Amino acid sequence: MIFLTIFVHLIIEDMKQNLFLNNVLNRGAILGFAMLCSHIFEQCAVVYGGTMGWFSVMGAEMLVVMALYIWMLYRFAKQYSLSVLETRETLKVFSYGQGFSYVVSVSSLAGVIVGLGRYIMHSFVIGHDAYLKAMVTSMQTAINSNPESANLMSSYEPMLKQMMTQPEPGILATIFSSVWSYMLWGAIVGLIIAAKVKREPNLFDNKTEE
């Protein structure tokens, strides 16, 4: 209960100073742009590449981007925690809840940017029909590259045909899907990052500074 009271007080104080909002907007835009560049590369690899070589490169790129995503969120949360501590003269506290809410907020904003970019890329740059055709072709290439899967190609045909009939998603649905995904990943990663950047008072420490 004490920690909850302190957390609410600190959040209100940060919002009054616009520190939280300004930092989330700034860092969320940076993270979103970086993740959007990754998404554009992956889409181009599928649509304009479509070979097993490109799939291998895309797999390695996804691992690198995941590591970059975690590192950037940790770096941003660490910088934000230090900025918060610098604004306080007496209560030098940065709680677990502050760190967690910051990471989730930054990641969610990045999801908005990625979702908007994904919609523009999917609907206007590539085109919905061309995108579906490229996805089906890529899946056929991946299946045919495995001798065991290639023998079962006929069993995959209904799924591939169903993919070609998928309706084009709207802009709100695309953005919501992206935000939900990034919010979920932000919550998972935030559980660890918040524990790394927190600075909470030791309520059982009765020592006084000399």
Practice task
Test each condition in (1) farther than 29 Å from PRO167 by Cα; (2) surrounded by fewer than 17 Cβ atoms within 10 Å (Cβ to Cβ) for THR137 and report the one that comes out false.
Solution key: (1)
Handout entry: So ILE175, is it of a type outside the set (Gly, Ala, Ser), open to solvent by less than 50 Å² (accessible area, probe 1.4 Å) and either at pLDDT 95 or above or over 16 Å from GLN43 (Cα atoms) (or both)
Key = yes
Completion exercise
Residue pairs within 7 Å by beta carbon, gap of at least six or interchain, first lying in the range 185-199 and touching a residue at least 60 places away in the same chain (Cβ under 8 Å), second assigned to a loop (DSSP other than H, G, I, E, B) and open to solvent by 50 Å² or more (accessible area, probe 1.4 Å), listed first then second, are ARG199/LYS92
Practice task
Give the range 65-108 a look and list any residue that's touching a helix residue (DSSP H, G or I) at 6+ places or on another chain (Cβ under 6 Å) and over 17 Å from GLY28 (Cα atoms), or say none.
Solution key: LYS92, PHE94, SER95, TYR96, GLY97
Problem - Filter result (without any contact (Cβ under 8 Å) to a residue 40 or more places away in the chain and in a helix (DSSP H, G or I)) within the range 96-131 - result: ILE120, PHE124, VAL125, ASP129
Exercise for the section: Test each condition in (1) closer than 21 Å to TYR48 by Cβ; (2) surrounded by fewer than 18 Cβ atoms within 10 Å (Cβ to Cβ); (3) at pLDDT 65 or above for ALA187 and report the one that comes out false. Expected result: (1)
Problem - Of residues in the range 122-132 being within 13 Å of GLU168 (Cβ to Cβ) and open to solvent by 20 Å² or more (accessible area, probe 1.4 Å), the one modelled with the lowest pLDDT - result: HIS128
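The values are calculated or read from the model by the stated rules, or taken from the named source; none is laboratory data. Nothing here was measured: the structure is a model prediction, and the numbers come from that model. A quick note on method: Cβ atoms are made from the backbone with ideal geometry, for glycine too, and the neighbour counts reach across all protein chains shown. Side chains included, ligands, DNA and RNA excluded: accessible areas come from the protein's heavy atoms. Shrake-Rupley method; radii C 1.70, N 1.55, O 1.52, S 1.80 Å.
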